[in-house]
Amino acid sequence: MDQAAIRHAADLLGRAHSAVAITGAGISTPSGIPDFRGPDGAWKHVDPSEVASLHNFLRNPRAFYDWFRPLLDRVLAAAPNAAHYALAALEQHRTLRAIITQNFDGLHQRAGSREVYELHGHLRTATCLECERQIPTQALLPRIRRGEPPRCSCGHPLKPDVVLFDEMLPRGLYWLARRAVEHANVIIVAGTSLEVFPVNDLPALGLRHGAKLIIINNGPTYLDGRAEAVIRGDVAIVLPELVRQTTGAHLLERSR
């Protein structure tokens, strides 16, 4: 780890009155959830526009569920890792005001974070796109695991409440996310290469409003040159150390 960069980032956070974190798939890969664009990612053997677009879901929900079923099981079996607990601890310390995440795994909330904006949706429920009936995903798991695309009582397919390609982000949550970065004085980008629009524009929006940027990621992002601190490494190692240096406290034993 780049200790000088971590010390600088901890100094920025220690003086922050309103920090925001923006997280991506890289924060959950240590929990065993594959990313999407990496060499072993979920898009390695499929065309995402064919299996994970709203248009093709409506045309062929079975193809979506055939692809989604193994990923769903891995997400449901995953547990929060030290990076999730670190951000929860930073919120409890009243330094972090909100987490804006592209992940739909719910691990931030399970780690104890309260103010989480899930811009790409979640797995807690599924919705009928015809009558808008919403059903807990847990009730649908037996059918999904048998290879049966779940259908509503009205006969139309039920879609998990995750955001697919060619689908709009939840408008209210995106407004809250924009408001959070506009009022932040420090933004932590963790576990995302900032390739997906419009979430990748949020840290730039924060910069335009005077925020300082901390980037923690294994690979480069388009904003590295404008960041106050860039730390290459495993977020599950870097974030706990950053929190320790910021707050002076070690994380709870459960996060180790």
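Read-outs throughout are calculated quantities, based only on the coordinates presented, and are distinct from any laboratory measurement. Note that the coordinates shown come from a computational prediction; the quantities given were computed from them, not determined experimentally. We place every Cβ from the backbone using ideal geometry, glycine too, and count neighbours over all the protein chains shown.
Can you match P(r) over Cα pairs in 10 Å bins from 0, in percent to one of these, [x] 8, 33, 35, 20, 4, 0; [y] 7, 31, 34, 19, 8, 1; [z] 9, 35, 38, 16, 3, 0, based on a calculation from the structure here? Of the labelled values, this structure produces [y].
Paramagnetic label reach from E167 (point 7 Å along Cα→Cβ; backbone nitrogen cut-off under 11 Å): within the stretch 97-120, residues 120. Between the residues L176, T192, L158, the greatest Cα displacement towards the positive end of the dipole of the stretch 157-202, with unit charges on the Cβ of Lys, Arg, Asp and Glu, is found for L176. Compute the long axis of helix 3-14 from its Cα atoms, compare it with the longest principal axis of the Cα atoms of the chain, and write down the angle in degrees, 0 to 90, nearest 10. Orientation of helix 3-14: about 80 degrees from the principal axis. If you run the Gaussian network model on the chain, springs between alpha carbon atoms under 10 Å, then out of G26, G206, G225 the most flexible one is G225.
Multiply the residue gap between R114 and E195 by 0.36 nm, knock off their C-alpha separation, and tell me the result in nm, one decimal place. Could you put the intermediate results ahead of the total?
On the way: separation 81, 0.36 × 81 = 29.16 nm, distance 2.60 nm.
Using 0.36 nm per residue and subtracting the Cα-Cα distance, I get 26.6 nm.
Computed about the Cα centre, the dipole magnitude for the chain is approximately 520 debye when only Lys and Arg (+1) and Asp and Glu (-1) carry charge, each at its Cβ. Residues considered: E118, E91, E167. Largest GNM mean-square fluctuation over the chain, using C-alpha springs under 10 Å, is found at E167. Comparing P30, A78, A236 along the charge dipole axis of the chain, the residue lying farthest to the positive side is A78, per the Cβ-charge model. By DSSP, the beta bridges lying fully in the chain are antiparallel in about 25 percent of cases.
Here the dipole of the stretch 136-256 is about 360 debye; that uses its Cα centre as origin and unit charges on the Cβ of Lys and Arg (positive) and Asp and Glu (negative). Within the listed set P70, P240, P34, the Gaussian network model of the chain (springs between alpha-carbon atoms below 10 Å) gives the highest mean-square fluctuation for P70. For the stretch 128-176, taking Cα atoms only, Rg and Dmax work out to 12.7, 38 Å respectively.
Just order 129-136, 184-191, 2-9 by mean Cβ neighbour count inside 10 Å, highest at the front, would you?
Working: 129-136: 12.8, 184-191: 25.6, 2-9: 16.9.
Descending mean neighbour count gives 184-191, 2-9, 129-136.
A crude spin-label estimate for the pair H183 and E148, with each label 7 Å from Cα along the Cβ direction, gives 4.8 nm.
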